[in-house]
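Everything below concerns the one structure shown next.
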Amino acid sequence: MPITIARTVSELRAARARHRQSAERFAYVPTMGALHDGHISLIYIGKNCCERVGASIFVNPKQFGPNEDFSRYPRTEKEDVEKLEAAGADVVFIPAVEEMYPAGASTSVSVAGLTDMLCGASRPGHFDGVATVVAKLLLQAMPEVAIFGEKDYQQLQVIRRMARDLDIPAEIVGAPIAREADGLAMSSRNRYLSAEERKVAPLLYRMLGELAKQPSPAQGLSAAREALVKQGFTKVDYLEWRDAETLHPAADRSRPSRLFAAVFLGKTRLIDNLAL
Ligand code: AMP
């Protein structure tokens with residue numbers, strides 16, 4: 001069966017009604033497109049748990065700040081649809097901005113607490129934009145399962161909390177980070193990197209690995225921030241050791257925790273994290 005392309009909410013709902021008629025479960029993978037193997041790994045997870053799987057492709061203006069890369073964010077719809085079809089996706093939702101935010105749209109979803117630290121501190125409003133669009137995407141499609149990558153670990157935690165708080169009846173599943181052979185976390189933004197920057201980029205994951213080996217990573221954080229700049233990163237936005245659930249600073253290894261980093265390479269902002 002060729003992939004169904006839905007551009008309106010009603011087309012998407014018609015496709016979902018057909019799944020329901022045959023009692024087929026649906027796994028949904030929201031994306032901003034410019035798909036890479038990390039996105040596709042989420043589609044495969046969906047295929048393993050549900051009879052039907054779909055993705056959305058929507059570069060959500062509400063989650064970009066005024067000086068961020070919304071207008072130059074890569075848009076590769078044709079290739080994306082081909083990749084999704086090759087991976088066996090059944091449906092892709094590709095709405096225009098006006099379909100998601102018709103004139104007069106004035107409701108936004110805000111998750112308190114989890115969103116004022118890490119990426120939330122450096123990107124004000126970002127997680128409100130994410131929570132709003134993901135709430136809409138989940139309510140439009142009503143998937144049984146929704147899959148999000150641990151690459152954006154804070155986003156995953158925000159979405160879990162949002163779905164729980166709003167009683168959205170989808171199981172939120174976290175997926176492991178897909179990496180390039182040299183360890184760089186796959187990202188649509190990696191294509192912004194120059195050849196020189198691309199050589200420096202994997203040193204971030206290597207640094208997380210070094211810190212993870214230390215008995216208490218807290219002591220090594222400030223030296224690691226300096227070392228990253230010496231290695232060629234333009235700026236370290238944050239490098240932190242945090243509780244995996246609350247995202248508050250971790251003090252010991254008695255609970256699950258993670259190292260979190262956001263760095264700039266030139267103008268490109270890269271994020272990564274590693275479980276301890
Ligand atoms: P994006 O298109 O960047 O909004 O990402 C769409 C989804 O794919 C999000 O749930 C991301 O966390 C996930 N994702 C992006 N990159 C990766 C990766 N390298 N490994 C696993 N999941 C990823």
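The values are calculated or read from the model by the stated rules, or taken from the named source; none is laboratory data. In this text the structure is predicted, and so the values were computed from the model without any measurement. Cβ coordinates were reconstructed from backbone atoms using ideal geometry, including for glycine residues, and neighbour counts include every protein chain displayed. Side chains included, ligands, DNA and RNA excluded: accessible areas come from the protein's heavy atoms. Shrake-Rupley method; radii C 1.70, N 1.55, O 1.52, S 1.80 Å.
Being in contact with a Cys (Cβ under 9 Å, 6 or more places away or on another chain) and among the aliphatic types (A, V, I, L, M) holds for only one residue in A27, A23, A34, A17, and it is A27. For M186, indicate whether it is at pLDDT 95 or above, within 30 Å of R25 (Cβ to Cβ) and in contact with a strand residue (DSSP E or B) (Cβ under 8 Å, 6 or more places away or on another chain). Answer is yes for this residue. Checked against the criterion of being of a type in the set (G, A, S) and over 24 Å from T8 (Cα atoms), the candidates A178, A146, A170, A163 yield just one match: A178. All of D128, D152 fail the test of being of a type in the set (D, E, K, R) and away from the ligand (no atom under 13 Å from the Cβ), apart from D128. Residues that are open to solvent by 10 Å² or more (accessible area, probe 1.4 Å) and within 13 Å of the ligand (Cβ to nearest atom) number at least 1 in the following strands (runs of 3 or more DSSP E) confined to the range 1-65: 26-31, 52-57. Within the range 226-260, which residues are among the hydroxyl-bearing types (S, T, Y) and open to solvent by less than 10 Å² (accessible area, probe 1.4 Å)? Passing the criteria: only S257. Tell me, please, whether a residue that is more than 23 Å from S41 (Cα to Cα) and more than 16 Å from the chain's Cα centre (by Cα) can be found in the range 78-97. Yes. Taking the criterion of being farther than 15 Å from V130 by Cα, in contact with a helix residue (DSSP H, G or I) (Cβ under 8 Å, 6 or more places away or on another chain) and not in a loop (DSSP other than H, G, I, E, B), the residues of the range 88-108 that qualify are V91, V92, F93, E99. For the residues E79, E85, the requirement of being within 16 Å of the ligand (Cβ to nearest atom), open to solvent by 30 Å² or more (accessible area, probe 1.4 Å) and assigned to a helix (DSSP H, G or I) singles out E79. Yes or no: S194 away from the ligand (no atom under 16 Å from the Cβ), in contact (Cβ under 8 Å) with a residue 24 or more places away in the chain and not β-branched (V, I, T)? Considered against the rule, which asks whether it is away from the ligand (no atom under 16 Å from the Cβ), in contact (Cβ under 8 Å) with a residue 24 or more places away in the chain and not β-branched (V, I, T), S194 comes out as yes. Against the list (1) open to solvent by less than 30 Å² (accessible area, probe 1.4 Å); (2) away from the ligand (no atom under 16 Å from the Cβ); (3) touching a residue at least 12 places away in the same chain (Cβ under 8 Å), the condition G220 fails is (3). In the range 265-272 there is at least one residue matching the filter, namely being surrounded by 22 or more Cβ atoms within 10 Å (Cβ to Cβ), in a strand (DSSP E or B) and either modelled with pLDDT under 95 or within 19 Å of the chain's Cα centre (by Cα) (or both). For L239, the conditions (1) hydrophobic (A, V, I, L, M, F, W, C); (2) touching a Leu at 6+ places or on another chain (Cβ under 7 Å); (3) within 16 Å of the ligand (Cβ to nearest atom) all hold with the exception of (3).
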